[in-house]
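A.B. asks: Here's a structure for you.
The values are calculated or read from the model by the stated rules, or taken from the named source; none is laboratory data. Source: prediction; values computed, not measured. Quick reminder, even Gly has a Cβ in these numbers, built from the backbone with ideal geometry, and neighbours come from all protein chains shown. Quick note on the areas: whole protein, heavy atoms, side chains included, nothing else; ligands and nucleic acids left out. Shrake-Rupley method; radii C 1.70, N 1.55, O 1.52, S 1.80 Å.
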Amino acid sequence: PVTLNVVCVDPPADAPKPDIPRTYIPRLWLTSSPAHGTGDFAGLQHFLALQGYRSCAFDPPGFGSSARIRRVSILVESFLPQLIEALEPSGAEVVIVGWGGGGSAAAALGAETGSKFTVLGIVLAEVFPPGSEWDELQFVRKLTDEQTIAYRVAELKSRLGLTQLILGLASPWGLLPLFFPITPAPLDFYPAERYAELRVAAWRPELWVNQYWGIRQILATVDLDDPLVSAAPLSSSLPIGHLLCSIEGDQPCKKPWGELIGDDCRSAKERDMRFRVRQEKMTQALQPVNSKREFAYDGGEFCSLGVVVDFPERTAGHIADLLSRMLN
């Protein structure tokens, strides 16, 4: 057994009832990769509560305030069903919101059978198919399949070596604050006073231990083992919502550090379009034809993978809109 830190937030008394035709409003369970937890979701939970939704987020083993399991990588999908069963009443209805790497756990729970709870739907926020990083590299560098596999292994081993360097040198010598300094919170981050907590998380050796075992897990598996692939197709009765950054107009060229122009802008648009094509193929594989499938596109400035953390109010609005269409 391991002790996990779980934060559940209820709507205030004057919050509106969500626009879905249900007496019992399902609780939203928020999940991401093992390197993200309650601090990342604090703003989103606050604004979801203002939309009338209850939600729970948690720190994975070895992250934040949760205890660590030694010498092993724990996949979120391996313990999330038990965590939900422990906190929800028997027969509860829930929605799983997977952000980034949390899409794998969301897909796994969407395929779950025999649990004491029912998954009414899943929302995938900026989730792309496993292996997209290597597919893009293969396209750009015109690599063969064998070269791509070799590069993947070499790159992951390099990242593994970096985590060992951090754990063996940077962490014990107190150098991590130099590489991950505390900076002002982004304008739309909420609550601003918790932003330093996210930065300081990178100073803790536990995070890098998690990264080390996580990379080893990836090295020992193939992308086809990921639930986003292996769990497909999901039931046609399971609604799935997709939240993605818009790629219309010059949206892909707008970055926090400045706007890309000329060839840089064109390359960014082409890259985002290739990722969108891969995402669409994953979506079609996850759900049979005529399934309940809804999309929301964030057209705000600086939308990226970090939209859930950097723009929680916008994200909560999109999720509420998706659920009103998914669960009607």
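A.B. asks: With modelled with pLDDT under 85 and under 19 Å from the mean Cα position of the chain (by Cα) as the only criterion, which of 58, 63 stands out?
C.D. replies: 63
A.B. asks: Scanning segment 136-153 for residues that are farther than 23 Å from residue 279 by Cα, over 25 Å from the mean Cα position of the chain (by Cα) and not acidic (Asp, Glu), which turns out most open to solvent (accessible area, probe 1.4 Å)?
C.D. replies: Per the criteria, the residue is 147.
A.B. asks: For segment 72-86, check the following and say yes or no: at least one residue is surrounded by fewer than 16 Cβ atoms within 10 Å (Cβ to Cβ) and either in contact with a Gly (Cβ under 6 Å, 6 or more places away or on another chain) or not in a helix (DSSP H, G or I) (or both).
C.D. replies: Yes, some residue in segment 72-86 is surrounded by fewer than 16 Cβ atoms within 10 Å (Cβ to Cβ) and either in contact with a Gly (Cβ under 6 Å, 6 or more places away or on another chain) or not in a helix (DSSP H, G or I) (or both).
A.B. asks: Kindly indicate which of 279, 284 is touching a His at 6+ places or on another chain (Cβ under 8 Å) and part of a helix (DSSP H, G or I).
C.D. replies: 279
A.B. asks: Any chance segment 64-76 includes a residue that's free of Cβ contacts under 8 Å to residues at least 60 places away in the same chain and under 17 Å from residue 122 (Cα atoms)?
C.D. replies: Scanning segment 64-76, I find at least one residue that is free of Cβ contacts under 8 Å to residues at least 60 places away in the same chain and under 17 Å from residue 122 (Cα atoms), so the answer is yes.
A.B. asks: Filter the helices (runs of 4 or more DSSP H) completely within segment 192-273 down to those with at least 1 residues that are of a type in the set (D, E, K, R) and at pLDDT below 90.
C.D. replies: 195-201, 205-219
A.B. asks: So residue 64 clears everything in (1) open to solvent by 50 Å² or more (accessible area, probe 1.4 Å); (2) part of a loop (DSSP other than H, G, I, E, B) except one condition, right? Which one?
C.D. replies: Of the numbered conditions (1) open to solvent by 50 Å² or more (accessible area, probe 1.4 Å); (2) part of a loop (DSSP other than H, G, I, E, B), the odd one out for residue 64 is (1).
A.B. asks: On to the next question. Mind listing whichever residues of segment 248-260 are in contact with an Asp or Glu (Cβ under 7 Å, 6 or more places away or on another chain) and buried (at least 18 other Cβ atoms within 10 Å of the Cβ)?
C.D. replies: Hits for segment 248-260 are 252, 253.
A.B. asks: Considering segment 102-153 alone, what residues qualify as being more than 21 Å from residue 35 (Cα to Cα), at pLDDT 95 or above and in a loop (DSSP other than H, G, I, E, B)?
C.D. replies: 142, 143, 144, listed by residue number.
A.B. asks: Scanning segment 211-226 for residues that are of a type in the set (S, T, N, Q) and either touching a residue at least 24 places away in the same chain (Cβ under 8 Å) or more than 18 Å from residue 132 (Cα to Cα) (or both), which turns out surrounded by the fewest Cβ atoms within 10 Å (Cβ to Cβ)?
C.D. replies: Across segment 211-226, the extreme among qualifying residues is 217.
A.B. asks: Still on this model: Any residue that is touching a Lys or Arg at 6+ places or on another chain (Cβ under 8 Å), within 30 Å of residue 138 (Cα to Cα) and surrounded by 11 or more Cβ atoms within 10 Å (Cβ to Cβ) - is there at least one of those in segment 165-182?
C.D. replies: Checking segment 165-182: not a single residue is touching a Lys or Arg at 6+ places or on another chain (Cβ under 8 Å), within 30 Å of residue 138 (Cα to Cα) and surrounded by 11 or more Cβ atoms within 10 Å (Cβ to Cβ).
A.B. asks: Further, regarding this structure: Looking only at segment 273-308, filter to residues that are within 18 Å of residue 99 (Cβ to Cβ) and hydroxyl-bearing (Ser, Thr, Tyr); which one of those is nearest to the chain's Cα centre (by Cα)?
C.D. replies: 304
A.B. asks: If you don't mind, another one. Every residue in segment 19-51 that is assigned to a loop (DSSP other than H, G, I, E, B) and of a type outside the set (Ser, Thr, Tyr), please.
C.D. replies: Answer for segment 19-51, where residues must be assigned to a loop (DSSP other than H, G, I, E, B) and of a type outside the set (Ser, Thr, Tyr): 19, 20, 21, 22, 25, 26, 34, 35, 36, 37, 51.
A.B. asks: Still on this structure, I have one more. Among the candidates 170, 108, 86, single out the residue that is among the aliphatic types (A, V, I, L, M) and within 19 Å of residue 221 (Cβ to Cβ).
C.D. replies: Sole residue among the options that is among the aliphatic types (A, V, I, L, M) and within 19 Å of residue 221 (Cβ to Cβ): 108.
A.B. asks: I'd like the residue in segment 287-323 that is open to solvent by 20 Å² or more (accessible area, probe 1.4 Å) and assigned to a helix (DSSP H, G or I) and, out of all such residues, is nearest to residue 243 (Cα to Cα).
C.D. replies: Among residues in segment 287-323 that are open to solvent by 20 Å² or more (accessible area, probe 1.4 Å) and assigned to a helix (DSSP H, G or I), the one nearest to residue 243 (Cα to Cα) is 318.
A.B. asks: Could you please let me know if residue 193 is touching a helix residue (DSSP H, G or I) at 6+ places or on another chain (Cβ under 9 Å), of a type in the set (D, E, K, R) and either over 30 Å from residue 277 (Cβ atoms) or open to solvent by less than 30 Å² (accessible area, probe 1.4 Å) (or both)?
C.D. replies: When the stated conditions are applied, residue 193 does not pass them.
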